[in-house]
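The values are calculated or read from the model by the stated rules, or taken from the named source; none is laboratory data. Predicted model, so just to flag it, every value in this text is computed and none were measured. Cβ placement follows ideal geometry from the backbone for every residue including glycine, while neighbour counts extend to all protein chains displayed.
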Amino acid sequence: MVSSGVEALDERLGGLVPSRYYIVSGAPGTGKSSAALQFLGAGLDAGERCAILTQDDPDDLIAQAEFLGYDFRSAAEQDRLSVLQYRLDFAHNYARVAEPARLVDELHELLENEPQQRFVIDSAVPFLDAETASGDPAGTLAGLLERIGATSYVTLPGDVDQPQYWRIYDRIVTGAAGIFHFDRVEGQLRELSIRKLRQTAVSTEPIRFTLVPGTGIVEQAPLAQRHQVPDEARRRVVVLNLERTLPDDFAAGLERAYEVRTFSAVAAAFTELARGHFGALVVALDPRTPEAAFDLVRQIRDLGISSAIVFVSPRKALRATARARGLRAGGDEFLTEELHPSEFLERVEASRRRGHGQPEGSAAAESIILQPVGDDGAPLPIEEAELRRAVDNQIHAGSSHPYFALATFRPAPAHLDATWRALCGQLRVREGDLVARTEDGRITAYLHDINRRHVKELLARIRKANPRLRATDDVEVLTYPGDRAEVEAWLQASAEVAVP
(Lines give C-alpha, C1' and ligand atoms only; values in the text may rest on other atoms or scores of the structure.)
Protein backbone atom coordinates (compact mmCIF):
# COMPACT_ATOMS: atom_id res chain seq x y z
CA MET A 1 0.00 0.00 0.00
CA VAL A 2 1.04 3.61 -0.59
CA SER A 3 1.05 6.29 2.11
CA SER A 4 -1.26 9.24 1.47
CA GLY A 5 1.02 11.50 3.50
CA VAL A 6 -1.84 12.17 5.94
CA GLU A 7 -1.36 10.03 9.02
CA ALA A 8 -5.04 10.04 10.04
CA LEU A 9 -6.13 8.94 6.55
CA ASP A 10 -3.55 6.14 6.43
CA GLU A 11 -4.77 4.90 9.81
CA ARG A 12 -8.31 4.61 8.42
CA LEU A 13 -7.42 3.10 5.05
CA GLY A 14 -4.16 1.29 5.62
CA GLY A 15 -2.80 3.34 2.70
CA LEU A 16 -3.71 3.82 -0.95
CA VAL A 17 -3.91 1.16 -3.65
CA PRO A 18 -0.81 1.36 -5.88
CA SER A 19 -1.26 2.48 -9.51
CA ARG A 20 -4.86 3.64 -8.97
CA TYR A 21 -6.17 7.20 -9.00
CA TYR A 22 -8.13 9.05 -6.33
CA ILE A 23 -10.34 12.11 -6.74
CA VAL A 24 -9.81 14.96 -4.27
CA SER A 25 -12.71 17.42 -4.34
CA GLY A 26 -13.73 20.52 -2.44
CA ALA A 27 -14.12 24.29 -2.60
CA PRO A 28 -11.09 26.62 -2.66
CA GLY A 29 -9.43 26.91 0.74
CA THR A 30 -10.64 23.58 2.11
CA GLY A 31 -7.26 21.83 1.96
CA LYS A 32 -7.38 19.66 -1.16
CA SER A 33 -4.25 21.13 -2.74
CA SER A 34 -2.42 20.76 0.57
CA ALA A 35 -3.46 17.10 0.64
CA ALA A 36 -2.10 16.68 -2.89
CA LEU A 37 1.22 18.28 -1.90
CA GLN A 38 1.48 16.05 1.18
CA PHE A 39 0.81 13.02 -1.03
CA LEU A 40 3.76 14.02 -3.23
CA GLY A 41 5.88 14.90 -0.21
CA ALA A 42 5.37 11.44 1.29
CA GLY A 43 6.56 9.93 -1.96
CA LEU A 44 9.66 12.11 -2.06
CA ASP A 45 10.44 11.22 1.57
CA ALA A 46 10.20 7.54 0.54
CA GLY A 47 12.67 8.06 -2.33
CA GLU A 48 10.03 7.83 -5.07
CA ARG A 49 9.84 9.78 -8.32
CA CYS A 50 6.86 12.13 -8.50
CA ALA A 51 5.24 14.52 -10.95
CA ILE A 52 2.54 17.19 -10.82
CA LEU A 53 0.57 18.94 -13.57
CA THR A 54 -0.60 22.20 -12.04
CA GLN A 55 -2.43 25.42 -12.81
CA ASP A 56 -0.28 27.23 -10.22
CA ASP A 57 2.97 29.03 -10.80
CA PRO A 58 5.80 26.58 -9.98
CA ASP A 59 7.42 29.04 -7.56
CA ASP A 60 4.11 29.37 -5.68
CA LEU A 61 3.76 25.59 -5.55
CA ILE A 62 7.30 25.17 -4.20
CA ALA A 63 6.65 27.86 -1.57
CA GLN A 64 3.40 26.20 -0.50
CA ALA A 65 5.15 22.85 -0.19
CA GLU A 66 7.93 24.44 1.87
CA PHE A 67 5.31 25.93 4.19
CA LEU A 68 3.96 22.40 4.74
CA GLY A 69 7.44 21.06 5.48
CA TYR A 70 8.60 19.65 2.12
CA ASP A 71 11.63 20.63 0.06
CA PHE A 72 10.23 20.47 -3.48
CA ARG A 73 12.93 22.75 -4.89
CA SER A 74 15.76 20.33 -4.11
CA ALA A 75 13.66 17.41 -5.35
CA ALA A 76 13.07 19.21 -8.65
CA GLU A 77 16.77 20.09 -8.99
CA GLN A 78 17.65 16.43 -8.36
CA ASP A 79 15.14 15.35 -11.03
CA ARG A 80 13.05 13.42 -8.49
CA LEU A 81 10.07 15.77 -8.98
CA SER A 82 8.70 16.95 -12.32
CA VAL A 83 6.58 20.11 -12.22
CA LEU A 84 4.50 20.66 -15.36
CA GLN A 85 2.35 23.78 -15.74
CA TYR A 86 -0.72 24.19 -17.92
CA ARG A 87 -0.35 26.84 -20.59
CA LEU A 88 -2.75 29.74 -20.15
CA ASP A 89 -4.46 28.81 -23.41
CA PHE A 90 -4.55 25.07 -22.67
CA ALA A 91 -8.35 24.70 -22.46
CA HIS A 92 -8.85 26.83 -25.59
CA ASN A 93 -6.38 24.80 -27.64
CA TYR A 94 -7.35 21.45 -26.14
CA ALA A 95 -10.94 21.92 -27.27
CA ARG A 96 -9.72 22.29 -30.85
CA VAL A 97 -7.30 19.37 -31.04
CA ALA A 98 -8.39 16.95 -33.74
CA GLU A 99 -6.77 14.01 -31.93
CA PRO A 100 -6.79 14.56 -28.14
CA ALA A 101 -4.79 11.35 -27.66
CA ARG A 102 -1.77 13.24 -29.05
CA LEU A 103 -1.82 15.32 -25.88
CA VAL A 104 -1.57 12.15 -23.81
CA ASP A 105 1.38 11.06 -25.94
CA GLU A 106 3.13 14.39 -25.40
CA LEU A 107 2.66 14.39 -21.64
CA HIS A 108 3.69 10.76 -21.42
CA GLU A 109 6.86 11.47 -23.39
CA LEU A 110 7.76 14.25 -20.93
CA LEU A 111 7.59 11.79 -18.04
CA GLU A 112 8.68 8.51 -19.62
CA ASN A 113 12.44 8.80 -18.99
CA GLU A 114 11.87 7.48 -15.48
CA PRO A 115 8.73 5.69 -14.22
CA GLN A 116 6.64 7.91 -11.92
CA GLN A 117 5.44 6.38 -8.67
CA ARG A 118 3.14 9.32 -7.87
CA PHE A 119 1.31 11.78 -10.09
CA VAL A 120 -0.97 14.72 -9.28
CA ILE A 121 -3.26 16.69 -11.58
CA ASP A 122 -4.24 19.91 -9.78
CA SER A 123 -6.76 20.53 -11.13
CA ALA A 124 -8.41 18.51 -13.91
CA VAL A 125 -10.71 21.39 -14.91
CA PRO A 126 -8.68 22.44 -18.00
CA PHE A 127 -9.23 18.94 -19.41
CA LEU A 128 -12.94 19.15 -18.82
CA ASP A 129 -13.90 22.78 -19.47
CA ALA A 130 -14.79 22.21 -23.11
CA GLU A 131 -15.74 19.30 -25.33
CA THR A 132 -12.91 18.23 -27.60
CA ALA A 133 -13.29 17.53 -31.27
CA SER A 134 -13.63 13.85 -30.42
CA GLY A 135 -16.23 14.66 -27.75
CA ASP A 136 -14.50 12.61 -25.03
CA PRO A 137 -12.40 14.79 -22.71
CA ALA A 138 -12.96 12.40 -19.83
CA GLY A 139 -11.68 9.52 -21.92
CA THR A 140 -8.51 11.45 -22.73
CA LEU A 141 -7.94 12.20 -19.04
CA ALA A 142 -8.54 8.55 -18.13
CA GLY A 143 -6.10 7.52 -20.86
CA LEU A 144 -3.42 9.82 -19.46
CA LEU A 145 -3.79 8.36 -15.95
CA GLU A 146 -3.60 4.84 -17.37
CA ARG A 147 -0.49 5.59 -19.45
CA ILE A 148 1.35 7.21 -16.54
CA GLY A 149 0.55 4.17 -14.38
CA ALA A 150 1.29 5.93 -11.10
CA THR A 151 -0.70 6.19 -7.90
CA SER A 152 -2.44 9.49 -8.63
CA TYR A 153 -4.49 12.32 -7.15
CA VAL A 154 -6.86 14.29 -9.37
CA THR A 155 -8.30 17.45 -7.80
CA LEU A 156 -11.68 18.86 -8.77
CA PRO A 157 -13.25 22.06 -7.43
CA GLY A 158 -16.65 21.69 -5.80
CA ASP A 159 -18.43 18.36 -5.55
CA VAL A 160 -18.40 15.53 -8.09
CA ASP A 161 -22.20 15.30 -7.76
CA GLN A 162 -22.61 18.78 -9.27
CA PRO A 163 -24.15 18.98 -12.78
CA GLN A 164 -20.93 20.15 -14.47
CA TYR A 165 -19.37 16.76 -13.71
CA TRP A 166 -22.25 14.57 -14.89
CA ARG A 167 -20.75 14.11 -18.37
CA ILE A 168 -17.48 12.75 -16.93
CA TYR A 169 -19.11 10.63 -14.25
CA ASP A 170 -18.95 7.28 -16.02
CA ARG A 171 -15.34 7.59 -17.20
CA ILE A 172 -13.66 9.42 -14.31
CA VAL A 173 -15.75 9.28 -11.15
CA THR A 174 -16.80 5.64 -11.34
CA GLY A 175 -13.26 4.55 -12.20
CA ALA A 176 -11.66 6.20 -9.17
CA ALA A 177 -10.28 4.04 -6.37
CA GLY A 178 -11.61 6.59 -3.91
CA ILE A 179 -13.11 10.05 -3.53
CA PHE A 180 -11.89 12.31 -0.73
CA HIS A 181 -14.04 15.41 -0.25
CA PHE A 182 -12.90 18.47 1.69
CA ASP A 183 -15.16 20.96 3.45
CA ARG A 184 -14.69 23.91 5.75
CA VAL A 185 -16.51 23.36 9.06
CA GLU A 186 -15.93 26.62 10.92
CA GLY A 187 -13.05 28.93 11.67
CA GLN A 188 -9.82 27.05 11.04
CA LEU A 189 -11.45 23.63 11.21
CA ARG A 190 -11.87 21.61 8.01
CA GLU A 191 -13.17 18.12 7.33
CA LEU A 192 -12.04 15.32 5.02
CA SER A 193 -14.82 12.84 4.26
CA ILE A 194 -14.40 9.57 2.37
CA ARG A 195 -17.17 9.61 -0.24
CA LYS A 196 -16.18 6.44 -2.08
CA LEU A 197 -13.65 3.65 -1.61
CA ARG A 198 -12.77 0.54 -3.58
CA GLN A 199 -10.76 -1.15 -0.83
CA THR A 200 -11.25 -2.52 2.65
CA ALA A 201 -10.85 0.16 5.32
CA VAL A 202 -10.44 0.13 9.07
CA SER A 203 -12.80 3.12 9.25
CA THR A 204 -14.42 5.65 6.94
CA GLU A 205 -15.13 8.17 9.69
CA PRO A 206 -14.55 11.80 8.59
CA ILE A 207 -11.31 13.49 9.61
CA ARG A 208 -11.57 16.93 11.19
CA PHE A 209 -8.28 18.76 10.84
CA THR A 210 -6.33 21.98 10.76
CA LEU A 211 -3.43 22.95 8.51
CA VAL A 212 -0.32 23.44 10.63
CA PRO A 213 2.80 25.17 9.25
CA GLY A 214 5.67 22.72 8.87
CA THR A 215 3.38 19.73 9.32
CA GLY A 216 0.34 20.07 7.04
CA ILE A 217 -2.92 18.26 7.74
CA VAL A 218 -3.22 17.43 11.44
CA GLU A 219 -6.29 15.68 12.82
CA GLN A 220 -7.96 17.47 15.70
CA ALA A 221 -7.78 14.92 18.50
CA PRO A 222 -10.66 14.89 21.00
CA LEU A 223 -9.98 17.08 24.01
CA ALA A 224 -10.70 14.09 26.25
CA GLN A 225 -7.35 12.62 25.28
CA ARG A 226 -5.60 15.09 27.55
CA HIS A 227 -7.25 13.50 30.60
CA GLN A 228 -5.55 10.13 30.01
CA VAL A 229 -2.52 11.37 31.96
CA PRO A 230 -3.10 11.06 35.74
CA ASP A 231 -3.12 14.39 37.55
CA GLU A 232 -0.17 13.42 39.71
CA ALA A 233 1.93 12.75 36.59
CA ARG A 234 1.23 15.94 34.67
CA ARG A 235 4.26 17.75 36.07
CA ARG A 236 6.53 14.82 35.29
CA VAL A 237 8.92 15.31 32.36
CA VAL A 238 10.83 12.42 30.80
CA VAL A 239 14.14 13.29 29.14
CA LEU A 240 15.49 10.79 26.62
CA ASN A 241 19.02 11.38 25.30
CA LEU A 242 19.43 9.60 21.93
CA GLU A 243 22.96 9.99 20.50
CA ARG A 244 22.81 13.50 21.93
CA THR A 245 22.71 14.86 25.50
CA LEU A 246 20.34 17.68 26.42
CA PRO A 247 22.40 20.84 27.13
CA ASP A 248 23.19 21.30 30.82
CA ASP A 249 21.34 24.61 31.16
CA PHE A 250 18.23 23.10 29.56
CA ALA A 251 18.39 20.09 31.87
CA ALA A 252 18.93 22.28 34.94
CA GLY A 253 15.91 24.40 34.06
CA LEU A 254 13.73 21.32 33.73
CA GLU A 255 14.98 20.00 37.07
CA ARG A 256 13.96 23.24 38.78
CA ALA A 257 10.50 23.32 37.22
CA TYR A 258 9.39 19.68 37.05
CA GLU A 259 9.80 16.18 38.35
CA VAL A 260 12.34 14.93 35.81
CA ARG A 261 13.32 11.38 34.88
CA THR A 262 16.28 11.08 32.53
CA PHE A 263 17.22 8.08 30.38
CA SER A 264 19.99 7.47 27.86
CA ALA A 265 18.44 4.50 26.05
CA VAL A 266 14.98 3.53 24.83
CA ALA A 267 15.17 0.14 26.58
CA ALA A 268 15.74 1.76 29.97
CA ALA A 269 12.85 4.18 29.43
CA PHE A 270 10.48 1.65 27.91
CA THR A 271 8.26 1.02 30.95
CA GLU A 272 7.97 4.74 31.70
CA LEU A 273 7.15 5.62 28.10
CA ALA A 274 4.63 2.79 27.60
CA ARG A 275 2.61 3.86 30.65
CA GLY A 276 2.37 7.41 29.36
CA HIS A 277 2.38 8.82 32.86
CA PHE A 278 4.21 12.04 32.05
CA GLY A 279 3.25 15.55 31.03
CA ALA A 280 5.96 15.85 28.41
CA LEU A 281 8.70 13.82 26.76
CA VAL A 282 11.83 15.72 25.72
CA VAL A 283 13.93 13.85 23.15
CA ALA A 284 17.50 15.05 22.51
CA LEU A 285 18.61 13.78 19.10
CA ASP A 286 21.30 14.08 16.45
CA PRO A 287 19.66 15.78 13.43
CA ARG A 288 21.77 13.71 11.05
CA THR A 289 20.27 10.43 12.34
CA PRO A 290 16.76 11.24 13.60
CA GLU A 291 14.90 8.14 12.38
CA ALA A 292 15.17 6.17 15.63
CA ALA A 293 13.59 9.05 17.53
CA PHE A 294 10.82 9.43 14.97
CA ASP A 295 10.06 5.69 15.03
CA LEU A 296 9.85 5.78 18.82
CA VAL A 297 7.41 8.68 18.74
CA ARG A 298 5.21 6.86 16.22
CA GLN A 299 5.08 3.87 18.56
CA ILE A 300 4.14 6.11 21.48
CA ARG A 301 1.31 7.65 19.47
CA ASP A 302 0.19 4.18 18.35
CA LEU A 303 -0.30 3.36 22.04
CA GLY A 304 -2.77 6.25 22.27
CA ILE A 305 -0.54 8.37 24.53
CA SER A 306 -1.47 12.04 24.22
CA SER A 307 1.31 13.67 26.27
CA ALA A 308 3.38 16.37 24.59
CA ILE A 309 6.60 15.34 22.84
CA VAL A 310 9.37 17.88 22.25
CA PHE A 311 12.41 17.23 20.03
CA VAL A 312 15.66 19.09 20.76
CA SER A 313 18.68 19.19 18.44
CA PRO A 314 21.50 21.54 17.44
CA ARG A 315 20.58 23.89 14.61
CA LYS A 316 23.63 22.87 12.60
CA ALA A 317 22.79 20.03 10.21
CA LEU A 318 19.06 20.32 11.03
CA ARG A 319 17.08 20.30 7.80
CA ALA A 320 13.57 21.67 7.46
CA THR A 321 12.44 18.31 6.13
CA ALA A 322 13.69 16.56 9.29
CA ARG A 323 11.72 18.97 11.43
CA ALA A 324 8.61 18.36 9.36
CA ARG A 325 9.02 14.57 9.55
CA GLY A 326 9.34 14.76 13.32
CA LEU A 327 6.15 16.74 13.67
CA ARG A 328 4.31 14.41 11.31
CA ALA A 329 5.57 11.43 13.34
CA GLY A 330 3.69 12.81 16.33
CA GLY A 331 5.96 15.45 17.86
CA ASP A 332 4.54 18.73 19.10
CA GLU A 333 7.63 20.97 19.05
CA PHE A 334 11.07 20.85 17.43
CA LEU A 335 13.43 23.14 19.35
CA THR A 336 17.11 23.91 18.80
CA GLU A 337 19.90 24.08 21.35
CA GLU A 338 20.56 27.72 20.42
CA LEU A 339 17.41 28.87 22.26
CA HIS A 340 17.82 30.83 25.46
CA PRO A 341 17.15 28.47 28.41
CA SER A 342 14.17 30.55 29.56
CA GLU A 343 12.56 30.37 26.13
CA PHE A 344 13.23 26.64 26.02
CA LEU A 345 11.34 26.24 29.33
CA GLU A 346 8.47 28.40 28.08
CA ARG A 347 8.10 26.30 24.93
CA VAL A 348 8.18 23.03 26.88
CA GLU A 349 5.59 24.36 29.32
CA ALA A 350 3.30 25.52 26.50
CA SER A 351 3.50 22.06 24.91
CA ARG A 352 2.94 20.32 28.26
CA ARG A 353 -0.20 22.35 28.93
CA ARG A 354 -1.52 21.92 25.43
CA GLY A 355 -0.89 18.19 25.05
CA HIS A 356 -0.82 16.44 21.70
CA GLY A 357 -3.43 17.23 19.05
CA GLN A 358 -4.12 20.76 20.30
CA PRO A 359 -1.81 22.99 18.27
CA GLU A 360 -1.62 26.69 18.98
CA GLY A 361 -4.20 28.48 16.88
CA SER A 362 -6.61 25.61 17.50
CA ALA A 363 -9.79 25.05 15.58
CA ALA A 364 -11.87 27.12 17.98
CA ALA A 365 -9.76 30.22 17.40
CA GLU A 366 -10.83 32.88 14.94
CA SER A 367 -8.91 35.70 13.31
CA ILE A 368 -8.03 38.49 15.72
CA ILE A 369 -9.83 40.92 13.45
CA LEU A 370 -13.08 40.10 11.66
CA GLN A 371 -14.65 42.41 9.09
CA PRO A 372 -17.45 44.49 10.62
CA VAL A 373 -20.78 44.31 8.82
CA GLY A 374 -23.80 46.59 8.75
CA ASP A 375 -27.36 45.74 9.71
CA ASP A 376 -27.93 44.46 6.18
CA GLY A 377 -24.91 42.13 6.44
CA ALA A 378 -22.84 44.17 3.98
CA PRO A 379 -19.15 44.62 4.87
CA LEU A 380 -18.10 47.93 6.39
CA PRO A 381 -14.59 49.21 5.60
CA ILE A 382 -11.78 48.92 8.12
CA GLU A 383 -8.68 51.07 8.40
CA GLU A 384 -5.53 49.94 6.68
CA ALA A 385 -3.74 49.77 10.05
CA GLU A 386 -6.19 47.09 11.21
CA LEU A 387 -5.74 45.19 7.98
CA ARG A 388 -1.99 45.36 8.47
CA ARG A 389 -2.32 44.06 12.03
CA ALA A 390 -4.43 41.12 10.84
CA VAL A 391 -1.91 40.19 8.13
CA ASP A 392 0.98 40.50 10.57
CA ASN A 393 -0.85 38.12 12.91
CA GLN A 394 -1.32 35.56 10.14
CA ILE A 395 2.43 35.51 9.50
CA HIS A 396 3.96 35.89 12.92
CA ALA A 397 1.47 34.66 15.53
CA GLY A 398 1.42 30.94 14.75
CA SER A 399 -1.69 30.97 12.60
CA SER A 400 -2.69 27.69 11.00
CA HIS A 401 -3.84 29.36 7.77
CA PRO A 402 -0.98 28.70 5.42
CA TYR A 403 -2.19 30.63 2.37
CA PHE A 404 -3.63 34.05 1.74
CA ALA A 405 -3.54 36.81 -0.86
CA LEU A 406 -3.44 40.58 -0.78
CA ALA A 407 -5.15 42.36 -3.68
CA THR A 408 -4.81 46.13 -4.00
CA PHE A 409 -7.22 47.91 -6.34
CA ARG A 410 -6.62 51.44 -7.65
CA PRO A 411 -9.87 52.36 -9.38
CA ALA A 412 -10.54 55.73 -10.94
CA PRO A 413 -12.43 58.02 -8.51
CA ALA A 414 -15.64 57.58 -10.52
CA HIS A 415 -15.39 53.78 -10.14
CA LEU A 416 -14.39 53.67 -6.47
CA ASP A 417 -17.83 52.87 -5.02
CA ALA A 418 -18.69 50.45 -7.82
CA THR A 419 -15.41 48.58 -7.29
CA TRP A 420 -16.06 48.41 -3.53
CA ARG A 421 -19.55 46.96 -4.05
CA ALA A 422 -18.34 44.48 -6.66
CA LEU A 423 -15.54 43.27 -4.41
CA CYS A 424 -17.72 43.03 -1.30
CA GLY A 425 -20.21 40.95 -3.24
CA GLN A 426 -17.53 38.25 -3.57
CA LEU A 427 -15.96 38.42 -0.10
CA ARG A 428 -16.23 35.66 2.53
CA VAL A 429 -16.14 37.90 5.59
CA ARG A 430 -17.40 35.18 7.94
CA GLU A 431 -14.48 33.00 6.87
CA GLY A 432 -11.80 35.63 7.41
CA ASP A 433 -11.70 37.90 4.33
CA LEU A 434 -10.99 41.55 5.12
CA VAL A 435 -11.15 44.72 3.05
CA ALA A 436 -9.90 48.25 3.74
CA ARG A 437 -10.35 51.60 2.01
CA THR A 438 -7.62 54.20 2.17
CA GLU A 439 -7.80 57.97 1.98
CA ASP A 440 -5.86 58.01 -1.30
CA GLY A 441 -8.54 55.93 -3.05
CA ARG A 442 -7.07 52.43 -2.84
CA ILE A 443 -9.00 49.31 -1.82
CA THR A 444 -6.90 46.53 -0.29
CA ALA A 445 -8.40 43.10 0.36
CA TYR A 446 -6.98 40.29 2.46
CA LEU A 447 -8.29 37.06 0.90
CA HIS A 448 -8.28 34.21 3.37
CA ASP A 449 -6.98 30.73 2.42
CA ILE A 450 -6.60 31.48 -1.27
CA ASN A 451 -3.78 31.25 -3.80
CA ARG A 452 -2.88 33.18 -6.94
CA ARG A 453 -4.98 30.99 -9.20
CA HIS A 454 -8.07 31.59 -7.08
CA VAL A 455 -7.47 35.35 -7.06
CA LYS A 456 -7.61 35.27 -10.85
CA GLU A 457 -10.90 33.36 -10.64
CA LEU A 458 -12.27 35.93 -8.18
CA LEU A 459 -11.38 38.81 -10.50
CA ALA A 460 -13.00 36.97 -13.40
CA ARG A 461 -16.22 36.62 -11.39
CA ILE A 462 -16.19 40.32 -10.54
CA ARG A 463 -15.74 41.28 -14.17
CA LYS A 464 -18.44 38.87 -15.28
CA ALA A 465 -20.91 40.26 -12.75
CA ASN A 466 -19.97 43.85 -13.69
CA PRO A 467 -19.15 43.87 -17.41
CA ARG A 468 -18.90 47.68 -17.52
CA LEU A 469 -16.45 47.81 -14.64
CA ARG A 470 -12.87 48.24 -15.86
CA ALA A 471 -11.33 49.26 -12.55
CA THR A 472 -10.57 45.65 -11.62
CA ASP A 473 -8.00 45.51 -14.42
CA ASP A 474 -5.56 47.54 -12.32
CA VAL A 475 -4.88 45.12 -9.47
CA GLU A 476 -1.65 44.34 -7.63
CA VAL A 477 -1.69 40.81 -6.20
CA LEU A 478 0.65 39.32 -3.60
CA THR A 479 0.25 35.77 -2.30
CA TYR A 480 1.66 34.10 0.78
CA PRO A 481 3.89 32.17 1.07
CA GLY A 482 4.76 32.56 -2.64
CA ASP A 483 5.52 36.29 -2.30
CA ARG A 484 6.77 36.07 1.28
CA ALA A 485 9.47 38.75 0.89
CA GLU A 486 7.11 41.17 -0.89
CA VAL A 487 4.40 40.72 1.76
CA GLU A 488 6.94 41.40 4.51
CA ALA A 489 8.10 44.51 2.62
CA TRP A 490 4.46 45.68 2.34
CA LEU A 491 4.05 45.28 6.07
CA GLN A 492 7.27 47.18 6.76
CA ALA A 493 6.39 50.00 4.35
CA SER A 494 2.92 50.30 5.86
CA ALA A 495 4.39 50.39 9.38
CA GLU A 496 6.81 53.17 8.41
CA VAL A 497 3.97 55.23 6.97
CA ALA A 498 1.99 54.74 10.19
CA VAL A 499 4.81 56.05 12.42
CA PRO A 500 4.21 59.80 13.17
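Observations, loosely collected:
- Scope region 330-343; condition closer than 24 Å to L296 by Cα and either assigned to a loop (DSSP other than H, G, I, E, B) or in contact with an Asp or Glu (Cβ under 8 Å, 6 or more places away or on another chain) (or both); matching residues: G330, G331, D332, E337
- The numbered conditions (1) surrounded by 17 or more Cβ atoms within 10 Å (Cβ to Cβ); (2) farther than 24 Å from N451 by Cβ are all true for W166 except (1).
- Complete set of residues in region 253-291 that are surrounded by 14 or more Cβ atoms within 10 Å (Cβ to Cβ), part of a helix (DSSP H, G or I) and either of a type in the set (A, V, I, L, M, F, W, C) or not assigned by TED's automatic domain parsing to the domain that holds R325 (or both): L254, A257, V266, A269, L273
- Checklist (1) at pLDDT 90 or above; (2) crowded, with 21+ Cβ neighbours inside 10 Å; (3) not charged (D, E, K, R) applied to V17, failing item: (2)
- Per the listing D161, D183, D170, the residue uniquely in a loop (DSSP other than H, G, I, E, B) and of a type in the set (D, E) is D161.
- Test: residue in region 63-79 that is in contact with a strand residue (DSSP E or B) (Cβ under 7 Å, 6 or more places away or on another chain) and in a strand (DSSP E or B): no
- In the set (1) more than 15 Å from T479 (Cβ to Cβ); (2) without any contact (Cβ under 8 Å) to a residue 24 or more places away in the chain, the condition left unmet by I62 is number (1).
- Tallying residues that are buried (at least 22 other Cβ atoms within 10 Å of the Cβ) and modelled with pLDDT of 85 or more within region 428-442 yields 3.
- Within region 4-24, residues that are more than 16 Å from A142 (Cβ to Cβ) and in contact (Cβ under 8 Å) with a residue 24 or more places away in the chain reach partners that are among the basic types (K, R) and in a loop (DSSP other than H, G, I, E, B) with beta carbons closer than 9 Å, at six or more positions or on different chains, in the pairs V17/R198.
Listed here are the residues, each with its yes/no results for (1) under 20 Å from G69 (Cα atoms); (2) at pLDDT below 90; (3) in the same structural domain as D433 (by TED's automatic domain parsing).
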residue: A293; (1), (2), (3): yes, no, no
residue: R301; (1), (2), (3): no, yes, no
residue: S307; (1), (2), (3): no, no, no
residue: T321; (1), (2), (3): yes, yes, no
residue: E338; (1), (2), (3): no, no, no
residue: E343; (1), (2), (3): no, no, no
residue: L370; (1), (2), (3): no, yes, no
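- Being part of a loop (DSSP other than H, G, I, E, B), farther than 26 Å from D231 by Cα and at pLDDT below 80 is a description that does not apply to E360.
- The set of residues from region 145-158 being over 20 Å from S3 (Cα atoms) and part of a strand (DSSP E or B) comprises L156, P157, G158.
- Pairs linking a residue in region 161-189 that is outside the structural domain of G216 (by TED's automatic domain parsing) to a residue that is surrounded by fewer than 18 Cβ atoms within 10 Å (Cβ to Cβ), with Cβ atoms under 6 Å and 6 or more positions apart or on different chains, do not occur.
- Only one entry of A324, A308, A284, A329 meets the criterion of being more than 29 Å from R190 (Cα to Cα) and either in contact (Cβ under 8 Å) with a residue 24 or more places away in the chain or not β-branched (V, I, T) (or both), and that entry is A284.
- Filtered by the rule that a residue be modelled with pLDDT under 90 and either surrounded by fewer than 17 Cβ atoms within 10 Å (Cβ to Cβ) or touching a Pro at 6+ places or on another chain (Cβ under 9 Å) (or both), region 180-213 gives V185, E186, T210, L211, V212, P213.
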